[in-house]
Amino acid sequence: CKKPDSFHVPPKKSHQLPPAADSDGLVFAKTKTKNMWLRLLVLLTLGMCPAALCCDLEQFFNERQVSVEESASSSQIVFRGVTTVATTASVDVPGVFTAYFELINSYKGAEALNAWSANNYRRINVTFLTRPSAECVEGSEVRREYIIFCDLVNGEIRATSIAKWDEEADQRVWAALGWGKWSEWSSCSVSCSSGIQQRTRHCLLSECPGFNVEQRHCNLFGCDETVNPLALEERRFFHPSKDRWQSVPDRPTAWRLRPNSYIWVPSTQLFSDEKNRPFPKEFALFVTMRLHNGTMGTIFSLRSRRRQDTYLSLEVAGSDLKLIHAASNGTDVVRVPAALDDGHWHQVAISIRDDSVVDSYVDCEWSRTDILRSHTLDLPEDSDLIIGYLFTGDLEQLSIVPDPGLVNLQCSPDRTPIIDPEVEDTVKEIQERSGKHVVMRIHKDVENNNLD
């Protein structure tokens, strides 16, 4: 068999992130112990375990399963949880068993869940009025994330339906409860040394359970040695000159690049603390961008002045990205699935380490780790850094940190839910100000993620 040029492996390590801000007890956010590694474990094990070790709770509602929307509307309590490894069957009552969940967040009935979990350390016991399968009685070795729909009956939480959690199901539940779509994540409040991003949404009914603001930490890497070429002041590095660059109307901190807008700077002039310092052999690159339709071009490139066949380049490839490393001994290409062609802002972090390892993160989540041919990375010391060549799109962040171990610190996957009355704008309030015919028009704009 021919040895492949690259292999796909789990990431080497992860840095501990600081806890998010307090949610005032309104909804339970993830704790430090429920971190990105647990989520990665769930992703890796779903659908890959022997039947004897897997307890799929959805099977108990196959004959009477209803839509997520109907379940959300009719149930008293709706929450998201992770199954623990144990379930128990009732000896006295045949056809009844209890499943145990670690609470992540609630959609509906938060007060009841808060009271329950306060006495059970965030462990929710849910009764299923059905005969469990053998693997569920013994307990599943796979931790799955579910959306659990329940009613409270005589102090007991009973399941009425259940669905596996994913982003689509999550949004369907919130929409059924009256919420509009989330806005874009805001710009990070700082360029380094730990900032905050937030996004908002609006209630489309007279009242909605849940929260209207989410926050997350961003740019958690330190400012020492962090380089941001977009913040350079010398006009000679910008083509055309920086005063002719166009800012993004809805994102003042971002630049709108055209095919003739790019930065070209000798890499030895990037680090002001040391003159003629070569570009580091190991580093992390953080990019925040929004692609336009049909975008192509180069986001980041290091090119040798003397050897035209030697370069490292991050380029747009349809909806994804590809990292190309070309040298005299051949070319390596790493494709990073990113789904960037949806018209939204995305955050991408890529690191180079150990001469042959490429770690990739997309929108705060680990994407993949690729191992290239051993010791093939060749970053020329006489390189020029080129940003945005033949690229069409919006670029807000392009930061370089000479420590690849910080690649996962562009933004935290953990989100803090907040209820902020200052941004709350319900249909009832709009109707009081404007009248029914205006409410209908605003509702349509919200569905298009554009609230005036």
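The values are calculated or read from the model by the stated rules, or taken from the named source; none is laboratory data. The structure displayed is predicted, hence computed values, not measured ones. Ideal geometry is used to build each Cβ from the backbone, glycine not excepted, and the neighbour counts take in all protein chains shown. What goes into the accessible areas is simple: the full protein's heavy atoms, side chains included, and nothing from ligands, DNA or RNA. Shrake-Rupley method; radii C 1.70, N 1.55, O 1.52, S 1.80 Å.
Checked against (1) surrounded by fewer than 21 Cβ atoms within 10 Å (Cβ to Cβ); (2) more than 26 Å from the chain's Cα centre (by Cα); (3) touching a residue at least 24 places away in the same chain (Cβ under 8 Å), Ser383 meets all criteria but (1).
Taken over region 215-247, the criterion of being of a type in the set (A, V, I, L, M), buried (at least 16 other Cβ atoms within 10 Å of the Cβ) and more than 23 Å from the chain's Cα centre (by Cα) is satisfied by Val227, Leu230, Leu232. Annotation note: of Glu225, Glu214, Glu207, the sole residue that is under 17 Å from Pro413 (Cα atoms) and acidic (Asp, Glu) is Glu214.
Condition first: open to solvent by less than 10 Å² (accessible area, probe 1.4 Å), at pLDDT 85 or above and among the aliphatic types (A, V, I, L, M). Can you find one or more residues in region 356-368 that meet it? Yes - at least one qualifying residue is present in region 356-368. Of everything in region 155-169 that is closer than 23 Å to Cys203 by Cβ and within 14 Å of the chain's Cα centre (by Cα), the residue that is surrounded by the most Cβ atoms within 10 Å (Cβ to Cβ) is Glu168. The set of residues from region 295-329 being among the aliphatic types (A, V, I, L, M) and under 18 Å from Lys281 (Cα atoms) comprises Leu302, Leu312, Leu314, Leu323, Ile324, Ala326, Ala327. When residues in region 283-295 are screened for being open to solvent by less than 20 Å² (accessible area, probe 1.4 Å) and either under 19 Å from Cys223 (Cα atoms) or outside any loop (DSSP other than H, G, I, E, B) (or both), 8 of them pass. Under the condition of being more than 20 Å from Val126 (Cβ to Cβ), at pLDDT 90 or above, out of contact with any helix residue (DSSP H, G or I) (no Cβ under 6 Å at 6 or more places or on another chain) and of a type outside the set (Phe, Trp, Tyr), the residues counted in region 167-190 number 12.
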